[in-house]
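S.K.: Starting off with a structure, shown below.
The values are calculated or read from the model by the stated rules, or taken from the named source; none is laboratory data. This structure is a prediction, so every number in the text was calculated from the model and none was measured. Reconstructed Cβ throughout: ideal geometry from the backbone, glycine too, with neighbour counts over all protein chains shown.
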Amino acid sequence: MKILVIGGMHGNEPLGLEVVKLFKANPVKDIYVILANEVAVEKSRRFVKKDMNRAFPGNAKSRDYEEKRASELLKLCKKYELVLDFHNTHCPNNDCTFVGNYAKDFLFDVSSWLGLKRVIIADYDCINKFAPNCISIEVSLSSKLMKPPFWFKRIIELANARSIPKQRGLKKYRFVYRVTLEDRDRLQLDKKKLKAFKALSKELANVMGLQSPAYPIFIGDSYTPYYYGGLLNRIQARDGL
């Protein structure tokens, strides 16, 4: 299987940078690596002018670095069977994967095989929305999975696997709401002790206009101080995913 490994979509998230570094130092057949936002990586910043993972599908003619780079990256993704895009969060217990609404079915199998049993469907302008072969891997900085050598070995195993077992025990969610700082202050969310993947009270979900149960993610992440977090709804088998 030909695999593209992306690090540095957000230039200050370390796991992808370290995984890319390992493969550059130890090249492996059929595994290719790239730093997505090289300028942000050099500056150790999340982005330069625009969050690259909100800039897809990009614009090849744009003068904006991140928009143009997003277009180039999306074109590159089409050359591979599987794309693995690495991310980090400061928030504990947030390990999961993201795929797009039109993701290829085998991405769910890959997530299960990697031991990441929570998969989130995203339809905002991230890479997953436009690259159906891309799975974004989200790892908390405090997680036991925050080990670049583990991912180096695991990706090689994945590239050499003759087949990927069908998914087992996955919990599927849909990203439905981005929690603003205004929401935080208006609803005093700092006092609610929200925890990742632990359902909000029905009353709070109703106040926010969301289907209950709704599940928080990335609450108070210092990588994204300009919003407070996100909310998810579970996807049941009858929903066709």
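S.K.: Can you go through 179, 119, 207 and tell me which one is surrounded by fewer than 16 Cβ atoms within 10 Å (Cβ to Cβ), in contact with a Leu (Cβ under 9 Å, 6 or more places away or on another chain) and either farther than 23 Å from residue 31 by Cα or not assigned by TED's automatic domain parsing to the domain that holds residue 28 (or both)?
M.R.: Result of the check over 179, 119, 207: 207.
S.K.: Another question about this same structure. Taking the stretch 67-108, which residues are at pLDDT 95 or above, part of a helix (DSSP H, G or I) and more than 15 Å from residue 34 (Cα to Cα)?
M.R.: Within the stretch 67-108, 67, 68, 107, 108 meet the criteria.
S.K.: Then there's this: Look through 9, 52 and report the one residue that is crowded, with 20+ Cβ neighbours inside 10 Å, under 18 Å from residue 80 (Cα atoms) and not basic (Lys, Arg).
M.R.: That would be 9, the only listed residue that is crowded, with 20+ Cβ neighbours inside 10 Å, under 18 Å from residue 80 (Cα atoms) and not basic (Lys, Arg).
S.K.: Take the conditions part of a loop (DSSP other than H, G, I, E, B), among the aliphatic types (A, V, I, L, M) and over 22 Å from the mean Cα position of the chain (by Cα) and apply them to residue 204. Does it pass?
M.R.: For residue 204, the condition - part of a loop (DSSP other than H, G, I, E, B), among the aliphatic types (A, V, I, L, M) and over 22 Å from the mean Cα position of the chain (by Cα) - is not met.
S.K.: Next question, about the same structure. Does residue 111 satisfy the criteria of being assigned to a helix (DSSP H, G or I) and either outside the structural domain of residue 153 (by TED's automatic domain parsing) or hydroxyl-bearing (Ser, Thr, Tyr) (or both)?
M.R.: yes
S.K.: In the stretch 152-190, what count of residues is obtained for those that are in contact (Cβ under 8 Å) with a residue 24 or more places away in the chain and under 21 Å from residue 211 (Cβ atoms)?
M.R.: 14
S.K.: Could you tell me whether residue 42 is at pLDDT 95 or above, among the acidic types (Asp, Glu) and either part of a loop (DSSP other than H, G, I, E, B) or within 20 Å of the chain's Cα centre (by Cα) (or both)?
M.R.: no
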